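The values are calculated or read from the model by the stated rules, or taken from the named source; none is laboratory data. Computed from a predicted model, the values in this text were never measured in an experiment. A quick note on method: Cβ atoms are made from the backbone with ideal geometry, for glycine too, and the neighbour counts reach across all protein chains shown.
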Amino acid sequence: MYLYLMRHANAGVPRDNPLLDAKRGLIKEGKEQCMLMARVLGGLKVSIDVIVSSPLKRAMQTAQFVGTEFGYESKVLTDPSLGLNGSFTDFQALVAKYANREGVLVVGHNPNIFQFLGKLITGNGGASIRMRKASIACVNMDQHPPRLQWLLDPRTCRLIYASVGKSSRPKTSRK
């Protein structure tokens, strides 16, 4: 199974009140990040059978926008293990539940999502991995220990798309 871990897209400034913060939705930039990352997944010919999100609004919106743009037609599921207070043990149970699938996209929050990624690939959480908003990491769960295949963020993807079709050779004048 390939597990795709995604941090939610840009939702603006965090609120001090946890109840209000849980209802914080994506801003325009966040929606654009979702569309870009969905196109990247499509370009990489990724196969996603299941999308599971944190129950918080910004993560759900990220999962839904990416799913819609990607062409995912099933319902986006929610799981509290992907929420702000989710534990790695609960996250492992979630992953085990879908182990028979080819590709699973989970959408969560920092610091949990990068901590889960670090623990998956090292076994002890010793890896410190930066995941910007809307970043996606691909982990091959069939390897032991699971192996990080790639990690992409919107900034890098935008730069790649902008350079496609341009020659990488420096321009020189011939005399």
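Observations
- Residue check for Ser74: more than 13 Å from Ala134 (Cβ to Cβ), small (Gly, Ala, Ser) and in contact with a Gly (Cβ under 7 Å, 6 or more places away or on another chain): no
- Residues that are surrounded by 14 or more Cβ atoms within 10 Å (Cβ to Cβ) and closer than 19 Å to Leu20 by Cβ, drawn from segment 57-89: Lys57, Arg58, Ala59, Met60, Gln61, Thr62, Gly83, Leu84
- Residue match in segment 128-135 (condition: charged (D, E, K, R) and exposed (fewer than 12 other Cβ atoms within 10 Å of the Cβ)): yes
- Within segment 1-56, considering residues that are part of a loop (DSSP other than H, G, I, E, B) and of a type in the set (D, E, K, R), the one surrounded by the most Cβ atoms within 10 Å (Cβ to Cβ): Arg24
- Pairing residues of segment 114-128 that are modelled with pLDDT under 90 with residues that are among the small types (Gly, Ala, Ser), at Cβ distances under 7 Å and at least 6 apart in sequence or on separate chains, gives Gly125/Gly118; Gly126/Gly118; Ala127/Gly118; Ser128/Gly118.
- Qualifying positions in segment 79-107 - touching a residue at least 60 places away in the same chain (Cβ under 8 Å) and not charged (D, E, K, R): Val95, Tyr98, Ala99, Asn100, Gly103, Val104, Leu105, Val106, Val107
- Looking at Gly67, Gly86, just one residue is closer than 28 Å to Glu32 by Cβ, of a type in the set (Gly, Ala, Ser) and part of a helix (DSSP H, G or I), and that residue is Gly67.
- Filtering Glu29, Glu73 for residues that are under 16 Å from Cys157 (Cα atoms) and out of contact with any helix residue (DSSP H, G or I) (no Cβ under 6 Å at 6 or more places or on another chain) leaves a single hit, Glu29.
- Of the numbered criteria (1) under 15 Å from Tyr4 (Cβ atoms); (2) in a loop (DSSP other than H, G, I, E, B); (3) not small (Gly, Ala, Ser), the one Val95 fails is (2).
- Gly103 passes every criterion in (1) of a type outside the set (Ser, Thr, Tyr); (2) surrounded by fewer than 19 Cβ atoms within 10 Å (Cβ to Cβ); (3) modelled with pLDDT under 95 apart from (3).
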